[in-house]
Each structure stands twice: as structure tokens, then as C-alpha cells.
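This report refers to the structure that appears directly beneath it.
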Amino acid sequence: MLSVLVVDDDARVARNHRDFVVSVPGFTVVGVAHTGAEALRAVAEHQPDLVLLDLYLPDTSGINVLQRLRSPDEPGPGTPVDVLVITALRDIDNVRAALHGGAMYYLLKPFNLSALREQLDRFAAVRDKLTGVEQATQRDVDRVFGVRRASTRTSLPKGLTAATAQLVAETLRATGDDLSAVEVAERAGIARVTARRYLEHLCADGQAALRMRYGSAGRPEHRYQWVR
């Protein structure tokens, strides 16, 4: 049985998340916290396998909680706890901070409960693949990271990762307007050629649309816009 700690400042939302998690076979909820301080105490006390972490908390940011859970100076679980961010915050700085902080995924509110179920199932699959393995082979590593990086939509082309795809998607979605590959690259902190590859994938997946803008010289500029 995999144990989960639910962290959300809204008591109603936290209750809904708790009720849904316990309805998923193989999962149990060991606690609910509504502040960052409560979350850190609950992690130290219950040592959950997974934390569902909201980023908007009344006493501190969820990113700060995530960073403290990763700090060697912070009292916490005997083994590293995995964190699934669940938030309404769409700005790219929080997406990037969660990614760099080691969050397993960044789930945006509002969402269909099937999306949460999918992440719970993938978390369980990862834990199952690691059970009983003391020394990993490359095949073991590929299987585990393949599950963690799997897209919630179509399979990613070779060389692309789900984390960067999400970063590019959130960069595009947050602007509310169309962007060029150069602009996406600058905002996401990645190379232009990398941004273009992920933008082309999002277009092929139906999540973004390519628009041509013609300047005074008549030369077309590729612009990308979030459409979902």
C-alpha cells in the first residue's frame, strides 16, 4: 500500500483529493495538511511515499516546501519522498522551479480526475519496477525513467522528454498570445533549436497551432499559439 500526504490550503479541495486517492487501489492517505509548516511536520511524522503538493499555501510557497524536503538539513522521511505538484499557478517560473526541485509532475487545476489517476498509476508502476532491485542495469533505469517521463498524451519523439515538453507547453500557454521559437526559448531558458522541436511536437499533437505572420519585408515568421 502506497501512502500519500495531501497538502492544499482549501479544505474542500484537500478533502476531494483525499477521497479520490483512497478510492484508487493500492493507495492510502496518511494525512492532510493545509499549510507549509503542517506539511513538513506531517512528512517527518508519517514518512509518506508521495506528497500531493499545492503551491499556494498561506504561510509559505509550495516551492519552498519542495526545496526543504530536498534539503539534507531538513528533518524528514528516512527515504526521499516523491512530490506531485497540484496547483492553479501557471507562471513559468513556478513550473521551472518545480522541475528543478525534483517534482515528478506538475498538474494544473482544474483537471479531470483521470489525469490524477494516471499520475498515481505511473507512480505505482515506478515503485513496482524498483522493488527488489539493489543494483540497476541500464535496462532497469530505462524502464523506470521511461515511465516517469511518459507523456499524458501521445508518445514523445526520440530525444524529447516530458519535463521539457511541459515546460515549453506552459511557456506557450501562460502568455495568452502567439510566440516565436526564439521568444519561447528565451522565456523557458532553453536553446532556440530545442524550443522549435518541442513546438513542432505540440503542433503535431494538436496542443498548439502554427501561424504565419508576414512582416513589412514580406518574409513569413513562424508563430506558435496554445489552442487547448
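The values are calculated or read from the model by the stated rules, or taken from the named source; none is laboratory data. Please read all numbers here as calculations on a predicted model, not as lab measurements. Keep in mind that these areas ignore ligands, DNA and RNA; they rest on the heavy atoms of the full protein, side chains included. Shrake-Rupley method; radii C 1.70, N 1.55, O 1.52, S 1.80 Å.
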What does the accessible area of HIS100 come to, in Å² to the nearest 10, when a probe of 1.4 Å is used?
140 Å²
Quote to one decimal, in nm, the extra length available between GLN225 and ASN112 on full extension: 0.36 nm per residue of separation minus the C-alpha distance between them.
38.4 nm
Classify the stretch 1-130 as rounded, prolate or oblate from the Cα gyration tensor: take a ≥ b ≥ c as the square roots of its eigenvalues, call it rounded if a/c is under 1.5, otherwise prolate when a/b beats b/c and oblate if not.
rounded
For the stretch 1-92, what proportion of DSSP beta bridges, expressed in % and rounded to the nearest 5, is antiparallel?
5 percent
Note the full-extension length gain between ASN64 and HIS100 as 0.36 nm times their separation in residues minus their Cα-Cα distance, in nm to one decimal.
11.7 nm
